[in-house]
Amino acid sequence: MINHLIHVYKKGTIPFQSLSALSDADATKIMQNLYIEGAIFWERFENPAQYLKTRRQIEDRLREEFIAKGGKPRESYPIYMIYGRSKWLIEAPDAKSLSTTTEIQVPLSLFQKQDLSFTYPDSMVSFLLLNQKESPYYLSDFHGKVFILDEIQDLVQSNGLPGEKWGTNLPKYFANYIEVQVWNQEPLLEYRNQ
């Protein structure tokens, strides 16, 4: 059973921040500082304007679908975490990512079910694959879908974590883990200054 959520962030930065909640100028400045060429965790920020536009569109959809499943978001935009330490999270990080990245683990028990939604894999990848159904990596049971806690726990109980029995074989550059969208930041406040 998975009892903790993992928040990965760049060393020297403040954890548990939402780029989408910031002005375009502030978010762009942060993404320019986060970008590291060749670092699997940070290369996604190469084009800040495109990333932010896509990120906000996906977050609107995540929020709508989460509410439709009974979620009660307290925030307009989520904080991102990871559910379980998948094979990808252990094997994919390169030297640049490892030297610039740190993490915080937060007990799952701090949250109510209506605070959390989930996607497989990372929500940006999940919705990208939904729009590329001809891709050999697209899986209709997982991609472009929002899950709630009970659903993701059932999937992990039957299939293990991604990289085990999920029937997926994503390329390394696709973050192959279960992403958690945290829609209530209050339980994270005590961890922000650790």
Completion exercise
Per the list (1) more than 21 Å from K11 (Cα to Cα); (2) free of Cβ contacts under 8 Å to residues at least 12 places away in the same chain; (3) in contact with an Asp or Glu (Cβ under 7 Å, 6 or more places away or on another chain), residue check on P121 breaks on (2)
Practice task
Mind telling me which of the residues S76, S18, S23 ends up being of a type in the set (G, A, S) and in contact with a strand residue (DSSP E or B) (Cβ under 8 Å, 6 or more places away or on another chain)?
Solution key: S18
Fill in the blank from the handout: The condition from (1) in contact with a helix residue (DSSP H, G or I) (Cβ under 8 Å, 6 or more places away or on another chain); (2) closer than 16 Å to T119 by Cβ; (3) aromatic (F, W, Y) that W42 misses is numbered (2)
Completion exercise
Of (1) farther than 25 Å from L170 by Cα; (2) touching a His at 6+ places or on another chain (Cβ under 8 Å), M81 satisfies every one except (1)
Completion exercise
Flagged pairs (Cβ under 6 angstrom, 6 or more apart or on separate chains; first in the stretch 81-95, within 21 Å of P15 (Cα to Cα) and touching a residue at least 60 places away in the same chain (Cβ under 8 Å); second crowded, with 18+ Cβ neighbours inside 10 Å and of a type in the set (K, R)) are none
Completion exercise
Within the stretch 18-36, residues being in contact (Cβ under 8 Å) with a residue 12 or more places away in the chain and either assigned to a helix (DSSP H, G or I) or surrounded by fewer than 16 Cβ atoms within 10 Å (Cβ to Cβ) (or both) number 11
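Coordinate-derived values only; no laboratory data. These numbers come from a predicted model, not from an experiment. Neighbour counts run over all protein chains shown; Cβ positions are idealised from the backbone, glycine included.
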